[in-house]
Each structure stands twice: as structure tokens, then as C-alpha cells.
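Since the structure comes first, as C-alpha cells, the remarks are kept for the end.
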Amino acid sequence: MTLTAGVVAVQGDVTEHARAIERAAAGHGQDSEVVEVRESGLVPDCDALLMPGGESTTISRLLRREGIAPEVEAHVEAGKPVLATCAGLIVACTDPQDDRVNELGLVDVTVERNAFGRQRDSFEAPLDVRGVGDPFPAVFIRAPAVSEVGPEVEILAEWDGRPVAVRQGPVVGTAFHPELTGDSRVHDLAFFEAATV
Ligand code: GLN
């Protein structure tokens, strides 16, 4: 079986996510094909979707302009998995508390952008993430935090008393970047195991 995974690539580099997806799929004896999503028409053929970090205002604007946003919404309505990381989570949420972000409303959470302060723009923390076993080396880069969660949302991890990994149905969202340390357990959780956590 081949997993076709779309990585939203309207901004930035997708290589690390592609490697993590390939490793996670290989762990399940599956081949994977990573499709870089920069235009409409590709998401409907994807089994799984990754919304990476970057700049949430820019990403959300491009998703609307290119007509990709409604395809992502349909993907989630069909119950297919999504992993939204950092800016991806801001784009996926219901309330980014910022009018410049055209949120998709896929995860019922309110987020606070750049929540961890200027002095701690980026840091790495060993995070207990529900469903992944030993602490996960989580890299935070100008990361958001979740400030409110809806009733359907499960909190998978917290840092400093704030939710930083959440799940709602087929969507897993992380405030951190799970692709930067060569550890693919979060990709594995989102694409292969989220439904059974
Ligand atoms: N600070 C960025 C934003 O608010 C997110 C940073 C990231 O994705 N690493 O859009």
C-alpha cells in the first residue's frame, strides 16, 4: 500500500516533513508518496495532509487565494488525517485572535500566537505527548499556545501549563515542530494511530 501525503508547500521547505512521513509509513510497512501542495486539485487525491509551520497570515491567505482551503475542509469532513504544526495549527484553529489570519476552523481551539515570549523565541523541551511513549524532543519556534479548547478536543500535551498538542477527530495539531529532530512519532501518531488513541 502507498500512502499519498500532501504537504502544504505554499511557503517554506517541506523536506523534513517529507522524510518524517516516509519514516512513519515505512514503520507500518507502507510506501509513501509526498505531494507538495501549492495549487488546488491535489488535495482530493491525498490520504493524509500536513500543514507545516511558517507564517500563519501568509499561509492562510494563499490557501484561500489558490482555492486549497475548501479542499482541506472537505478532506477533514471525509475523516482523513491532518497534522497541523505551529503556524499550521494557527491556520487550522477556530479562533487565532488575529484578523489577519483566515482560519479554517478544523480544530475547536483558540490560540495565542507567539505565546512563549521574545526571550524564548525558540527552545527545545522534552514533552510527554499522549500516545507516543517516551518524552518527545519538541522544538518550539515562535510558537503559539492553545488558550481555550472546545468540548470535542483532546489535549495530548502541555508545556508551562498550556496545551501544545491537541486532537479533534482526524486532526492533530502541535504548537511545536515535530519534523526537526529526526523523530517521526508525532507524524506516526497523526497519520497512522490518532483514531485509536
Ligand atoms: N509565529 C508564527 C505565526 O504566528 C508561527 C511560527 C512557526 O510556524 N514556527 O504565524
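Putting +1 on Lys and Arg Cβ atoms and -1 on Asp and Glu Cβ atoms, find which of Val82, Ala25, Gly117 reaches farthest to the positive end of the dipole of the chain.
Gly117
With the contact rule set at Cα under 8 Å and sequence spacing of 6 or more, what percent relative contact order holds for the range 12-152?
In percent, rounded to a whole number, it is 17.
Taking 0.36 nm per residue of separation and subtracting the Cα-Cα distance, what length does fully extending Asn114 through Met1 add?
36.7 nm
With label points built 7 Å along Cα→Cβ from the Cα atoms of Asp13 and Ala74, find their separation and express it in nm.
So the two model labels end up 3.3 nm from each other.
Please name which of Val43, Ala92, Leu62 has its Cα lying farthest along the dipole of the chain towards the positive end, using unit charges on Cβ (Lys, Arg +1; Asp, Glu -1) and the Cα centre as origin.
Leu62
Tell me the label-point distance for the pair Glu66, Ser147, using the 7 Å Cα-to-Cβ offset, in nm and rounded to one decimal.
Result: 3.0 nm between the two label points.
What is the ratio of the Cα radius of gyration of the range 142-192 to 2.2 N^0.38 Å, where N is its residue count, to two decimals?
Computed over Cα atoms of the range 142-192, the ratio equals 1.13.
Let a ≥ b ≥ c be the square roots of the eigenvalues of the Cα gyration tensor of the range 80-197; is it rounded (a/c under 1.5), or, if not, prolate (a/b larger than b/c) or oblate? If you can, show how the numbers build up before the last one.
Working: a/c = 1.64, a/b = 1.08, b/c = 1.52.
Oblate is the answer for the range 80-197, as a/c is 1.5 or above yet b/c matches or exceeds a/b.
If the viscosity is 1.002 mPa s and the temperature 20 °C, what Stokes-Einstein diffusion coefficient in µm²/s follows for the chain when Rh is the Kirkwood radius over Cα pairs?
Estimated diffusion coefficient is 132 µm²/s.
For the chain, what is the charge dipole size about the Cα centre, in debye to the nearest 20, if Lys and Arg each add +1 at the Cβ and Asp and Glu each add -1 at the Cβ?
Taking the Cα centre of the chain as origin, the dipole is about 360 debye.
Please work out the C-alpha center-to-center distance from the range 31-86 to the range 96-140 and express it in whole Å.
19 Å
Within a 10 angstrom radius of the beta carbon, how do Leu89, Leu127, Leu62 rank from fewest other beta carbons to most?
Ordered by Cβ neighbours within 10 Å, fewest first: Leu62, Leu127, Leu89.
Which order do Thr2, Thr110, Thr174 fall in if you start with the one that has the fewest other Cβ atoms within 10 Å? Before the final figure, lay out each step's value.
Numbers: Thr2 10, Thr110 15, Thr174 30.
Least to most surrounded, the residues fall as Thr2, Thr110, Thr174.
Report the convex hull volume per residue for the range 1-65, counting only C-alpha atoms, in Å³.
Values: hull volume 4.5 nm³, N = 65.
Cα-based convex hull of the range 1-65, divided per residue, equals 69 Å³.
How would you rank Phe116, Phe123, Phe192, going from fewest to most other Cβ atoms within 10 Å of each one's own Cβ?
Phe123, Phe192, Phe116
Each value in this text was obtained by applying a stated rule to the coordinates, not by laboratory testing. Fair warning: this is a prediction, and the values are worked out from it, not measured in the lab. Every residue, glycine among them, receives a Cβ derived from its backbone with ideal geometry; neighbour counts consider all protein chains shown.
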